[in-house]
Amino acid sequence: MNEIDPVSRFSPASIRAFRDAETDRTATTLNRTAQQVASQYRRETMSPVMMSGLLRLFELVILAGTGLLLYIYYVGLGGPAGWEYPAAIIGGSLVAVVLLEFANCYKLAALRRPMRRVGGILLAWAGAFALLAFAGFFLKISDDFSRVWFGGWFVSGFLAMMASRALLSRMIRRWTRNGAIERRAVIVGGGAQAEALIRSIERQADNDVRICGIFDDRDDRRSPPIVAGYPKLGTVSELIEFARIARIDMLIVSLPITAENRVLSMLKKLWVLPVDIRLSAHANQLRFRPRSYSFIGSVPMLDIFDRPINDWDSVAKRVFDIMFSLAGIAVFSPVMLATAIAIRLDSKGPILFRQKRHGFNNEEIEVLKFRSMYVEQCDPTARNAVTKDDPRVTRVGRFIRRTSIDELPQFFNALGGSLSLVGPRPHAVSAETRNRLYNEVVDGYFARHRVKPGVTGWAQINGWRGEIDSDEKIKMRTEFDLAYIENWSLWFDLKILLLTPIRLLNTDNAY
C-alpha cells in the first residue's frame, strides 16, 4: 500500500472544523469510581525527559568535579595556572555528555540497567579523551599536561559515572513503583481495538506509561465496562472533568483513523486540555511516512496535539518568571508603596483586592490587585463589568486602573507560581458579557487555560484590554491568546514584556 501523508486526512481545514465546532458545555459529574481513580493521580510526576535531562547536568558536574579535584590533589593550585587545565576539564566533560547522548546512554532503559551499557559508556568517555588528546597534539600543548592527571581523570571519571548510575538505577526503580516517574495515559475509545492497544503497550520493555483508565461514549453493550483489566470510567465529556483533577500527561485515541467524523467529534471536546493527544496507529492498515509517527516503545502513534510549554520549556519559563518578577518588584516597589498609601487615605477598607479567577487547567486561583472600588461595592464575581465613569470606582481607583498600576501586586502571584508574567490574562470565574459566561460566547474558550495565565499577554498589547462589553471583544481576546500558546517562545515572552509599558500608554479602553 502506498504511503499516505496524514495531513491529507487531518488537514488544517479539518482541525479548524472541530475547533470551531460547538463544544459540549453540559456540566458533568464523575461517578464514584472515576473520582477515586482521579484522586490517586493528583500528585505531579517527573517525566522521563526531565529525568534524563537532570542526569546530563549531574554527570557534567561529576566529570568536571573529578577532574578538578584530581587537579587540585595531584597538580596543585600552585601549579600551572593557565587556561589549559580548566579548558580541558570543561571541554572534556561537555564532549563526554554529548557522546553519551549519541550512544543512547540517557534513555530510561539505560538508566534502569546501567551495567548493560558499560561498553557504550566506556566508549563515549574514551572518545572524549581521544578528542582531548588530538586537540592537545594539534595545539602543541600536550606537554603542558600531567600524564598521571590525564589517566587518573579517565579512571576516576568512569568509576564515578558508573557508581552514580548504579545508585540512580535503584532510585528510578523505586520512583517507578511509587509513580513518581511515569507518563500517565487515558485511553479514549473501548472495545477490542482498545484491548489490543493496551496489550501492545504493556508488552513494551521498560515501559514508562501508566494507563489510568478508559473513557468511551458507547454503552456497555458496544464497549465493555472493563477492557484488559482497566475500568471504563465514563464518557468523553466526563474525561474533561477527570483530567481537571488527575495529572494526566497523554490521551490516546483508540479509534480507526478511517472513522474521521467520530475522531474529530472527540477531538473537538478534548483539545482544550493541557495534554498530549495521540491517535493510535498500531491497528491501522494505512501506512504514513515514518516521520509522521511517534512511538511508545514500538507502538506507533500519530501526534495530534502536543502539550504546550512542557518539560524543560516549563523550567525555562519558570526561571524567566522568577527573575523578572523579582526585578519588577524591585523597580516598582516605590510605586506600589505610594499606591498603598493613596488607597488608604482615599477610602476605607483593605489595600489589596483578592479575586477568584481561572488558572492553569481551569483551576481556581486567587489573584491580587490594588483595590480600586469602594469596599462595599466591590464585585469579586465580576458579573458587572466596570464601565466608563463607573460610580463604584474611587478617585484613586480611576487613576490606577487607567494606568494598570492596580495590576502590580500580581508580580507576587507570578513569583509564587499561580501566574506567569506573560500568558492569557486570567478572567474572573463568573465573568460575563451581555449576561452570558465567556465560555458560552466563545467555542473552545477553555483552551486558553492550557498554560498558566499571565500578568500581561499578547491580546493586551494588541489593544484587547479593559471592558468586555461585546461578544467580539472576548472572541478576539481568545483568538490572540490561542495564537500566543501556539507560537510560544522565551523571545516571544520577552517581546511582550518589553512592549507592555509602551502599549499601556493607550488608555482608551481602561476604566
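At a glance:
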quantity	calculated
Selected residue (only one of ALA135, ALA128 is assigned by TED's automatic domain parsing to the domain that holds ALA103, within 17 Å of ALA87 (Cα to Cα) and in contact (Cβ under 8 Å) with a residue 40 or more places away in the chain)	ALA135
Total residues in the range 196-227, condition surrounded by 19 or more Cβ atoms within 10 Å (Cβ to Cβ) and out of contact with any helix residue (DSSP H, G or I) (no Cβ under 9 Å at 6 or more places or on another chain)	3
Candidate set from the range 439-474 (those that are among the charged types (D, E, K, R) and more than 24 Å from ASP390 (Cα to Cα)); member that is farthest from the chain's Cα centre (by Cα)	GLU440
Total residues in the range 335-344, condition under 17 Å from VAL393 (Cβ atoms) and in contact (Cβ under 8 Å) with a residue 12 or more places away in the chain	3
Some residue of the range 419-435 being more than 29 Å from TYR374 (Cα to Cα) and acidic (Asp, Glu)	no
LEU421 within 18 Å of the chain's Cα centre (by Cα), assigned by TED's automatic domain parsing to the domain that holds ALA459 and in a helix (DSSP H, G or I)	no
Of all residues in the range 127-150 being at pLDDT 90 or above and among the small types (Gly, Ala, Ser), the one that is surrounded by the fewest Cβ atoms within 10 Å (Cβ to Cβ)	ALA130
Flag for TYR106 being touching a residue at least 40 places away in the same chain (Cβ under 8 Å), surrounded by 14 or more Cβ atoms within 10 Å (Cβ to Cβ), of a type outside the set (A, V, I, L, M, F, W, C) and not in a helix (DSSP H, G or I)	yes
Criterion violated by ILE400 - all others in (1) at pLDDT 90 or above; (2) assigned to a helix (DSSP H, G or I); (3) over 30 Å from VAL49 (Cβ atoms); (4) hydrophobic (A, V, I, L, M, F, W, C) satisfied	(1)
Options ARG116, ARG43; residue that is surrounded by fewer than 19 Cβ atoms within 10 Å (Cβ to Cβ), not in a helix (DSSP H, G or I) and not polar (S, T, N, Q)	ARG43
Among the candidates GLU101, GLU59, residue that is of a type in the set (D, E, K, R), crowded, with 17+ Cβ neighbours inside 10 Å and closer than 28 Å to ASN207 by Cα	GLU59
Residue count for the range 444-477, restricted to those that are out of contact with any Asp or Glu (no Cβ under 7 Å at 6 or more places or on another chain) and under 18 Å from SER430 (Cβ atoms)	11
Number of the exception - VAL75 against (1) crowded, with 18+ Cβ neighbours inside 10 Å; (2) assigned by TED's automatic domain parsing to the domain that holds LEU159; (3) among the hydrophobic types (A, V, I, L, M, F, W, C); (4) modelled with pLDDT under 85	(1)
3 or more residues modelled with pLDDT of 90 or more and within 29 Å of LEU270 (Cα to Cα): qualifying helices (runs of 4 or more DSSP H) within the range 441-511	471-486, 490-503
Positions within the range 400-434 being under 21 Å from ALA316 (Cα atoms) and basic (Lys, Arg), in sequence order	ARG425
Residue selected from the range 200-236 under the condition of a type in the set (Lys, Arg) and not in a strand (DSSP E or B), by the criterion farthest from ALA281 (Cα to Cα)	ARG221
Sole exception among (1) surrounded by fewer than 19 Cβ atoms within 10 Å (Cβ to Cβ); (2) of a type outside the set (S, T, N, Q); (3) more than 24 Å from LYS473 (Cα to Cα); (4) modelled with pLDDT of 85 or more for GLU376, by number	(4)
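The values are calculated or read from the model by the stated rules, or taken from the named source; none is laboratory data. Everything quoted here is computed from the prediction, not taken from an experiment. Here Cβ is always computed from backbone atoms with ideal geometry, including for glycine, and neighbour counts include all displayed protein chains.
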